[in-house]
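We did not get these values from a lab; they are worked out from the coordinates using the rules stated. Everything quoted here is computed from the prediction, not taken from an experiment. Counting neighbours? That spans all protein chains shown, and the Cβs are built from the backbone with ideal geometry, glycine included.
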Amino acid sequence: AQELAAVSPNFVIKVGASEAGFRAIRELNRQGIRTNATLIFTAAQAWQAARAGASFVSPFLGWKEQYGDAAASLIREVRTVLDNFNYPQQIIAAAIRNARQIAEAAIAGAHCITARFAVYEESCRNPYTRMGEEIFQKAWDATPER
């Protein structure tokens, strides 16, 4: 971890949100090394990560939703826990699988997300936008030149 952190101040060490992981986060934090507590599936895990000094917490939305759990509510719960204790950690909504999850994560209070590039592309597209662009283009084309 020390070698990686020394490469760039932008590097952050990912550590699993487990009992051993929280101990590692605490020790890395003491050394001034930023961490991202990953594999978070409960608000309690996010709270433990924040208490240990993680710079970021990464709730996994896609995995939760895949197995029938409410995904967006996890972000709201994590946001509430961090806010209740005035913790500065940023929330990285992880394992995002579709554009709807991007919106839900943002609405629920995530600071940023991780997703495949295709998911980002999907989030930029909407059939109504394309339809509107075509209507506007037809109106422009029908405008007499001056």
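Summary table below
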read-out	value
Rg/Rg_globular for the stretch 2-142, with Rg_globular taken as 2.2 N^0.38 Å and Rg from C-alpha atoms	1.30
Net charge over other residues, Cβ less than 12 angstrom from the Cβ of Ile25 (K, R count +1; D, E count -1)	+4
Mean separation of Cα contacts under 8 Å, 6 or more apart, over the residue count of the chain: relative contact order %	16
Positive dipole terminus of the chain, leading residue within Asn29, Ala105, Thr143 (C-beta point charges)	Asn29
Spatial separation of Cα centroids for the stretch 115-138 and the stretch 1-38, in angstrom	38
